[in-house]
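Beneath this line is the structure, given in structure tokens, with notes to follow.
The values are calculated or read from the model by the stated rules, or taken from the named source; none is laboratory data. None of these values were measured; they are calculated from a predicted model. All Cβ positions, even for glycine, are placed from backbone atoms using ideal geometry, and neighbour counts span all protein chains on display. SASA here: full protein model, heavy atoms, side chains in, ligands and nucleic acids out. Shrake-Rupley method; radii C 1.70, N 1.55, O 1.52, S 1.80 Å.
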Amino acid sequence: MGRFILRRLLNYAVLLFVAISLTYLLAASQLNPRSLWELANPPIPAETIESSLRSKNLSDEVPLLQRYWTWLTGVLLHWDWGEAPRTGDVGPEIARRIGVSIRLITIGSLGGIALGVLVGAWTATKQYKISDRTITFLALAIFSVPVFVLISVVQVLATNFNDATGWRLFEFVGETGSVGDYPGAVLVDRIQHLALPTLVLVLANAAFFSRIQRNLMLDALGSDFVRTARAKGLPRRRAVMKHALRTSLIPTGTYFAFSVATLFLGSTFVEVLFSFHGMGEYAITSIQGQDVHGAVAVAAFGGVCVLVGATLSDFMVAALDPRVRVS
Amino acid sequence: MSTNNPLELIDEMPTPTHGANAPTSKRLSRRQLVVRRFLRNKTAVLGLLVLVVMALLAVFGPLISAWDYRDVDRTAFLSEPDSRHPFGTTQSGVDMFALTLRGLSKSLVIGLAVAVISTGIAAVVGAFAAYFGGWFERIALWVIDLLLVVPSFLIIAIMMSADRSGTNQSGFDRFVSAAPQWIVLVVLLALFGWMLAARVVRSLSLSVKEREYVQAARFMGIPAPVIIVRHILPNISSLLIIDATLNVAAAILAETSLSFFGFGVKPPDTSLGVLLGVGARQATTFPWLFVPPAVTVVLLILAVNAVGDGLRDALDPTSGSGGRV
Amino acid sequence: MTTATTSAGRRRTGAGDVVLSVRDLHVTFPSEAGDVRAVRGLDFDLRAGETMAIVGESGSGKSVTSLAVMGLHPASAQITGSVRLHGEEILDRDDAAMSKLRGKAMSMVFQDPLSALTPVYTVGDQIVEAIQLHRPMPAAQAWKEAVELLDLVGIPNPQARVRSFPHEFSGGMRQRAMIAMAIANDPDVIIADEPTTALDVTIQAQVLEVLKRAQRETGAAVIMITHDLGVVAGMADRVTVMYAGRPVEQGSVDDIYYRPQMPYTIGLLGSVPRLDAAERQPLATVEGNPPSVVNLPPGCPFAPRCPLAEEQCWTTEPALVEHSGSLARRVTAGPDSEAATVAGHAAACHLADRVVRDGLRYTDIFPVAEHAWSALEQVPREQRQPVLQISGLKRHYPLMKGAVLRRRVGTVYAVDGIDLEVREGETLGLVGESGCGKSTTLMEVLNFLPPTDGTITVLGKNPAALRGRARKELRRDLQIVFQDPMASLDPRMTVFDLIAEPLKAHGWSKADTAARVEELMATVGLDPSHVNRYPGQFSGGQRQRIGIARALALKPKLLVLDEPVSALDVSIQAGVINLLDQLKAELGLSYLFVAHDLAVIRHIADRVAVMYLGSIVEHGDVDQVYDNPRHPYTQALLSAIPIPDPETERTRERILLRGELPSPADPPSGCKFRTRCPRKLALPESDQERCVTEPPPLLPVGTDHTSACHFNDTDRHVDVVA
């Protein structure tokens, strides 16, 4: 057994190594940190720029492979993911940002997924009734709206609400703002800031998962074992809830595990547009800021997330489906 | 298997035939059945209509528009919608209607091109991996894993944001910058858009490969590429059509997302994503900058998805959301 | 509506009273192509303790009937008529009311026991659920009952197996579990829908035995739905034959088998190859295929296939009436008629009186093909050239396990050292149950790849050593006909393209190809003008003919036939078998015929090899092996096969095998059959030791007959309980 786990981990390590190396080579050759200073006013002497870039291992005058080697040994030997051209070390920055992302996405994604699964399963049992048609169309509509459009619409609506009531109920920017001095104010402030991004995450996840769950549930509804359950005397409703729903949750489990792990980078728009300084936002700012090391670190983080998600979904299936449990 | 198709409950229903002795009955060809099932899905039909109208607008729209998307009306900067500019104008005095049309056509072209290319890659890689197995399959699967591990959004963003105008151009830079920006974007989106479909194609091909008519062809001595093209791919064409359709929506979504951050189509050219990138920041103050491209992109993706869902129901009656009988 | 009276009244019906009464049942489904009139007027009475069989081919409406009685059709189905349980109408009850009856008053055993059990719950969970639904009781007691039920249906070690998941059971065990669930609440009616169709014959024999025992224990009436006339002969008291949604003949099992009146029933019985037919029995060829029940034309639905059909058969559909006397009496008169009785023998045929009067048999009504003798058969076997030689063939596969952590955990000994030889002009039948290695053997012959061990020689050449042109030429001489004609013909190609495909691949010119395709169509009995149609437009039998035509295109010398008739309806099988017989004689072909149906093999093969767990256990001339089987497995196999003859079935003594086929990944030491061998149990201890340690070789027991048993001459065996 141990050997097989080891082999799998080894394959993951190789995949990650190749993926991250390719990303480094690409980022280091395509991004141009020098441009950040070249247009500065007053102009900075070329030698100063060059020495600063060299000290950060970012100079394009150093051969690419040499820079790669320096960077790689730094990562492998000292767990040093390098420096951003302006803002300092990448490592601590990432650590801080992961926390922000977790606080942002946990409620929204879990709630959205749970809601989606419930709605999808329910609509499947009501197939072709008005309620099913309406909800299915709504889910399709939300699923078709780009997240940034959804966010803009939510923000406009919230602004109008705030203006109409004259009461700043919804906050748009960042994790926290001006905290009042009544008891529990810290919590209230956080909730005010979290409400809108969470709403967006719930809507997006619920729309996606309700579509998946509805199809899975319809498959399960038509299966022979539901007929058997009814043949032994279970009323239709109970046969559906006990036999069809439980079985159709197996594939959902894999999607769930996978999407939870990949949500970190998936909520980029929410982070950028609500000014949460999480991992998703870092992906954008690092590229816009010609931050080679930052971009590579984000890519590495994303790769780890994908692999963790794949492993999680395997375990999820093993937990849910007795057929694949290793006896 | 789904309860909504009672024909399947009669598990051994013979297909109506024109056999020598069988009575002649109306037998619908598969194509007729697919069309009928599709037409019964009102959402999908509506989606198709919207799509056709949008395509016509994208092609012929510039003819009915008074302004070109490059024209600047010096008398109207950031003006609200009026009779001269039905959708208003931008900060630099460009007609929003013309811009939206231009963005629509760009986004449509990108979506279609990406869908065709990535589904094509998926079909070829998936089917060949399944048919040949062995080392070819292992390598293909490994490459798929690799591309899935690399965050594609990031890679495309890096590639698209690189400044290639500098003096020390590499051969690669020159090669990339020789093509128009949006074609580079199409290639990149397609390159990162085929992996999941290829996996599905592979697993379907594996089962088609085990079908007896494929084995029969093999035992007749027919060469492998011919078997793949003649027997395997046509029999997973339903999946490929559905995948391509849904890929159109995904590609448009990806394009707008990238362009929103400035990693996609670049000015002076425009796309729905570019317009939204500008418009979204001023949605509350100058809604006409935001609403036209937003409504267009939502309608477009919604229509494509509706058509995709309808096609899936029509082509694959065993899929969960199967067609109503 | 209250169901208290029904559920409270245990056994309100004495033996012989009517439990379930169905009158004028119609079931219609809306569909794309029009209304599917799946059942069009069915009447029957089911009496306590009795077994009634509903027999019919694909689409005859037999399964639809069972679901209609259980109230399990979707709402879109239109069901009319009357279904009375203990005299109470149940057709109009809602789901909640029906739920109280289902699983209690009437229960059901479905065809496919894998998909019919919920994969995520243990077998025990599912039986306990059935028990507690109708009889609230503490969980511990329900589990105890579940264990007792599993014991009753013959699951070994039920205490432990009750916690197993369905996928951990074999097919036969799952079906036993289904039966346990069906009898959990002592039902009055058990409906068994093709309960053994998915199982192997030795397992089928066990499960049928369990079903009989379950009926004895519960005293329930059984409706047995099947297409297998052999199973019916052994199980049923009365039989209803259905065709195109209508009952076409009804009566006692003896009436139906010995005095059939409806040409369809006669043809059906005449087209089944029989295991007990010593000579090559001529088979009735019923042309055409069952009609679609969408847009049925007027008249008798069997008329297009009936050689006797007259004018009136095409215009009016005959009623189901008795024909025993000169006066035809209507059997049923509507739901409330007191006169309604179905105890007699009735047939729906305008010509039944003539059939009865003239005593017409199937040979009188249907065309029958006599065995065609080829010139080669006159030549002694030793003087004919071998076309296929297999010696010491082994094929082992790695056994992989686990979805999360996939790894090799052992070796599957799929084929483990077999020798076979096919000579010119002869048919070698390769028989065995699923998992015995017969299909693997066939694929080894066709794959042209080196086997794990041993050699395969086709027409004197070693295919694995050939490359390029020589390999392609050998492919020409070796062709295959598959089991399922629908699966083996690409549905997107026309018949012309299908048959021309091998010709094109082997470089035939356009003109030659066209001529050859036409010739082939005629050879296999198809209308050459139909070459532009698609396979979907042909019936099952015709499709198989297309498959045969394609296999013959390149004028092969050896044809490998992989269960070529097992996917076809009974009435269609015979035509294909007759065609194969005739082609062999005309074209001097050799056949390697793989099948699980021993009756078909007896009919068509010259020599036979019986496989068990990767080895050949008995081999030789077909008549010698069938008439005087020496290996205990062959004996059990032959005795397990139901014969479509009620009298024989009643008097027959069956050798039931214990347990299931061991895993080919972990075959028993010594003789592979010893774990299930009824003969071994009759041996003295000292001899039994030999079975465990020493693998028996094939020993001669006749002129052309070998058997792999150390004790070929022992004729005792110990009976085991199913």
A:Arg96 vs (1) open to solvent by 70 Å² or more (accessible area, probe 1.4 Å); (2) within 12 Å of chain B (Cβ to nearest Cβ); (3) farther than 23 Å from A:Phe256 by Cα: all pass except (2)
With the checklist (1) at pLDDT below 90; (2) within 29 Å of C:His603 (Cβ to Cβ); (3) crowded, with 16+ Cβ neighbours inside 10 Å in hand, flag the one item C:Ser434 doesn't pass.
(3)
Take residues that are open to solvent by 10 Å² or more (accessible area, probe 1.4 Å) and closer than 26 Å to C:Asp704 by Cα and tell me which of the strands (runs of 3 or more DSSP E) falling wholly in region C:545-627 contain 1 or more.
C:558-562, C:607-612, C:615-621
Against the definition (touching a Gly at 6+ places or on another chain (Cβ under 9 Å), on the phi < 0 side of the Ramachandran plot and within 14 Å of chain B (Cβ to nearest Cβ)), how does C:Arg476 come out, yes or no?
yes
Residues that are touching a residue at least 24 places away in the same chain (Cβ under 8 Å) and more than 14 Å from every other protein chain (Cβ to nearest Cβ): find the helices (runs of 4 or more DSSP H) completely inside region A:1-82 holding 3 or more of those.
A:64-78
If I filter region A:308-316 for residues that are open to solvent by less than 40 Å² (accessible area, probe 1.4 Å), in contact (Cβ under 8 Å) with a residue 40 or more places away in the chain, in contact with a Leu (Cβ under 8 Å, 6 or more places away or on another chain) and outside the structural domain of A:Val18 (by TED's automatic domain parsing), do I get at least one hit?
no
Mind checking which residues of region C:277-295 are within 14 Å of chain B (Cβ to nearest Cβ), open to solvent by 40 Å² or more (accessible area, probe 1.4 Å) and at negative phi?
C:Glu287
Which one of these is open to solvent by less than 40 Å² (accessible area, probe 1.4 Å) and in a loop (DSSP other than H, G, I, E, B): C:Cys709, C:Cys691?
C:Cys709
Scan region A:262-281 for residues that are open to solvent by 10 Å² or more (accessible area, probe 1.4 Å) and farther than 11 Å from A:Val147 by Cβ and report the count.
7
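Is there a residue being in contact with a strand residue (DSSP E or B) (Cβ under 7 Å, 6 or more places away or on another chain), surrounded by 24 or more Cβ atoms within 10 Å (Cβ to Cβ) and farther than 28 Å from A:Leu150 by Cβ anywhere in region A:239-247?
No, region A:239-247 contains no residue that is in contact with a strand residue (DSSP E or B) (Cβ under 7 Å, 6 or more places away or on another chain), surrounded by 24 or more Cβ atoms within 10 Å (Cβ to Cβ) and farther than 28 Å from A:Leu150 by Cβ.
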Can you tell me which residues in region B:187-219 are over 13 Å from B:Asp243 (Cβ atoms) and β-branched (Val, Ile, Thr)?
B:Val187, B:Val208, B:Val214
Which residues, taken from region C:148-168, are more than 13 Å from chain A (Cβ to nearest Cβ) and either open to solvent by 60 Å² or more (accessible area, probe 1.4 Å) or modelled with pLDDT of 95 or more (or both)?
C:Glu148, C:Asp151, C:Pro156, C:Asn157, C:Gln159, C:Arg161
For B:Pro293, the lone unmet condition from (1) over 18 Å from B:Met54 (Cβ atoms); (2) of a type outside the set (Lys, Arg); (3) surrounded by 24 or more Cβ atoms within 10 Å (Cβ to Cβ) is (1)
Qualifying positions in region C:57-95 - in contact (Cβ under 8 Å) with a residue 60 or more places away in the chain and either touching a Cys at 6+ places or on another chain (Cβ under 9 Å) or in a strand (DSSP E or B) (or both)
C:Gly81, C:Ser82, C:Val83, C:Arg84, C:Leu85, C:Glu88
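Let's see how each residue does on (1) under 15 Å from the mean Cα position of the chain (by Cα); (2) modelled with pLDDT of 85 or more; (3) at the interface with another protein chain (Cβ under 10 Å from one of its Cβ atoms):
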| residue | (1), (2), (3) |
| --- | --- |
| B:Ser118 | yes, yes, no |
| B:Ala130 | no, yes, no |
| B:Gly134 | no, no, no |
| B:Ile144 | no, yes, no |
| B:Met159 | no, yes, yes |
| B:Ser170 | no, no, yes |
| B:Ser203 | no, yes, no |
Qualifying positions in region C:42-56 - open to solvent by less than 10 Å² (accessible area, probe 1.4 Å) and in a loop (DSSP other than H, G, I, E, B)
C:Leu42, C:Gly56
